[in-house]
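Asks: Before I ask anything, let me first share the structure, which is written out below as structure tokens.
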């Protein structure tokens, strides 16, 4: 597999996306936002942490471009932005293809070894009188 070069912005975006996804709380927030917009209060409800702590997680997600902030009167709902996830998936897909090709090669080698061993086994088996 030939390494592809990514632009600085793309590389930084991937770094930010994977950094944001590294935390289980942030992944849970993204999962909640996948069902629709939510306020910080709504997002903080299922967690045993303060609203400011949830806000810090949201800032990481916003810097990564995974979450955007809307405005609805006094309410500022957060919304999932899926494009960075699509970009990360595309990047990971290359490695899935790489490993899939390697496993196919391994299957071929194992099948060849299996075919080579089969005749030997038959020859070694001796009938006893």
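Asks: If R0 is 30 Å, what FRET efficiency do you get for residue 10 and residue 104 from their C-beta distance, rounded to 0.05?
Replies: Details: r = 29 Å, r/R0 = 0.98.
With a Förster radius of 30 Å, E is 0.55.
Asks: With all pairs of different alpha carbon atoms counted, what Kirkwood hydrodynamic radius in Å does the stretch 8-84 show? It would help to have the intermediate numbers written out before the result.
Replies: Values: mean 1/r = 0.0796 Å⁻¹.
About 12.6 Å, per the Kirkwood formula over Cα pairs.
Asks: Going highest first, how would you order 88-96, 51-59 by mean Cβ packing within 10 Å?
Replies: In decreasing order of mean packing, 88-96, 51-59 become 51-59, 88-96.
Asks: Once you have the Cα-Cα distance between residue 25 and residue 115, take 0.36 nm times their residue separation minus that, and quote the gain in nm to one decimal.
Replies: Numbers: separation 90, 0.36 × 90 = 32.40 nm, distance 5.08 nm.
Taking residue 25 through residue 115 to full extension adds about 27.3 nm, to one decimal.
Asks: Can I ask one more? Give me the percent relative contact order of the stretch 8-84, please, defined on Cα pairs under 8 angstrom at least 6 residues apart. Before the final figure, lay out the partial values.
Replies: Details: 79 pairs, mean separation 26.8, N = 77.
Over the stretch 8-84, the number comes to 35 percent.
None of the figures in this text is laboratory data; all of them are computed from the coordinates on show. All values derive from a computational prediction rather than experimental measurement. Don't worry about glycine lacking a Cβ; one is built from the backbone with ideal geometry, like all the others, and counts go over all protein chains shown.
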